[in-house]
Amino acid sequence: MTEPLSSVRPIPTPSPGATIVLADVSRWYGNVVAVNAISFEVSPGITGLLGPNGAGKSTLLHVLSGLLAPSAGAVSVLGEDPWRNPALYRRLALVPEREAVYERLTGYDFVLACARLQGLDDPHAATRRAIATVDLEDEANRVTRGYSKGMKQRIKVAAALVHDPDVLLLDEPFNGADPRQRLHLTRVFERLAADGRTIVFSSHILEEVERLAERVLVIVAGRLAAAGDFREIRHLMTDRPHTFTLRSTGDRELAAALMAHESVLGVEIGAEQLTVRTAQLGAFARAAPVIAAARNVSILELRPTDESLERVFSYLVRK
């Protein structure tokens, strides 16, 4: 197999506090470009990786974990190039999307094998801790062939955590997990992040990303479409009108007054509320109370209706 680039590549210089840096990274397979000139930095905490199927999320995680070399660009994880770097692999871990478990082994033996491969001083103690972390003690002595999909996900997480990595890369970690298991894994990841670990996880469950991730990276067609807090991303989308739901003591009178303001694109009168569209978020937020007060109308509620991660993701994918 031909290596995409020489094993000697420049390491991008991270900003203070950054643990992962990508500089113009691309990865292609023949004529197929999976990742195209992506640059970003990640600091300790939880970062969500979003994108449609085939957007390049798994390829990106494999590049970060050292399983793939970039075809172009440079990668730095904890200040080092992850490609062919066994010493670095003791400080990071990847949980793949596929059910990558040895089905003839028990869950305990599977995690123990990973602990031994990491050269831990007390692999049995580390195995017990990792299995307890994912709440699988009662099922640890069963062969993994009989595990449910959610249990296989958790035993993979245990295998990844057994050597206490500084960087944890997770590809669809909640696949197959029931609500209780999702909640437990969420708490595990939150504790790790609070301890200063760097966690990057992909998921198609937007509610999980919205609740768990401190920032998001949105990948569309192999390119980075947006990065940061999704609310800040939404505010930067000046080409997309903002929508608000408004309840007041005089909806019809207020609707007529709002339509006269330059920041308002449209107002829809519902049974008990107004729906207002504006292209000037700040101007509308300042004007609405003033307009209402001038007409002796009290605003009972004013809230955005299109600032969820789902809506932001939908806007970015449609561009």
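Remarks
- Taking a sphere under 12 Å around the Cβ of Gly222 and counting the other residues whose Cβ falls inside, with K and R at +1 and D and E at -1, yields a net charge of +3.
- Volume of the Cα convex hull of the stretch 152-294, divided per residue and given in Å³: 174
- Cα-based helix-to-principal-axis angle, 123-133 vs the chain, degrees rounded to 10: 20
- Among residues other than Val35 with Cβ under 12 Å from its Cβ, the summed charge is +2 (Lys and Arg +1, Asp and Glu -1).
- Difference of contour (0.36 nm per residue) and Cα-Cα distance, Glu99 to Glu214: 38.7 nm
- Fewest-first ranking of Trp83, Trp28, using other Cβ atoms within 10 Å as the exposure measure: Trp28, Trp83
- Note on Ala283/Glu207: beta-carbon distance plugged into 1/(1 + (r/R0)^6) with R0 of 30 Å gives a FRET efficiency of 0.45.
- Principal axis dimensions, the stretch 84-130 - Cα atoms, whole angstrom, descending: 29, 28, 15
- Equivalent-ellipsoid semi-axes for the chain (Cα gyration tensor, √(5λ), whole Å, largest first): 45, 24, 16.
- For Ser71, distant residues with modelled amide H under 5 Å away: Ser26, Arg27, Trp28
- For Asp229, Asp135, the sequence from fewest to most other C-beta atoms within 10 Å is Asp229, Asp135.
- Interchain or long-range residues, amide H under 5 Å from Ser43's placed H: Thr19
- Structure-based [θ]222 nm, the chain - -39500 (n - 2.57) summed over DSSP H runs of at least 4, per residue, nearest 500: -10000 deg cm²/dmol
- Residues Asp164 and Ala221, FRET efficiency given R0 of 22 Å [Cβ-Cβ distance, rounded to 0.05]: 0.05
- Here the dipole of the chain is about 320 debye; that uses its Cα centre as origin and unit charges on the Cβ of Lys and Arg (positive) and Asp and Glu (negative).
- Once C-alpha pairs closer than 8 Å and six or more residues apart are averaged by separation and normalised to the residue number of the stretch 49-183, the relative contact order reads 28 percent.
- For the chain, the longest principal axis of the C-alpha atoms and the axis of helix 149-161 are separated by about 70°.
- Across the stretch 109-121, rounded Karplus estimates of 3J(HN,Hα) from the backbone phi angles (6.51 cos²θ - 1.76 cosθ + 1.60, θ = phi - 60°) give 5, 5, 5, 4, 4, 5, 5, 5, 4, 7, x, 5, 5 Hz, Gly and Pro being marked x.
- Of Leu112, Leu88, the sequence from fewest to most neighbouring Cβ atoms within 10 angstrom is Leu88, Leu112.
- Sum of side-chain charges, Met259 neighbourhood, beta-carbon under 14 Å (Lys, Arg +1; Asp, Glu -1): -1
- C-alpha center-to-center spacing [the stretch 67-97, the stretch 125-174] in angstrom: 21
- Rounded tilt (10° steps) of 281-294 against the dominant C-alpha axis of the chain: 40
- Computed lengthening from Leu117 to Arg252, 0.36 nm per intervening residue step minus Cα-Cα distance: 41.6 nm
Every number here is computed from the coordinates shown, using simple stated rules; none is lab data. Note that the coordinates shown come from a computational prediction; the quantities given were computed from them, not determined experimentally. Positions of Cβ are backbone-derived with ideal geometry, glycine not excepted, and every protein chain shown enters the neighbour counts.
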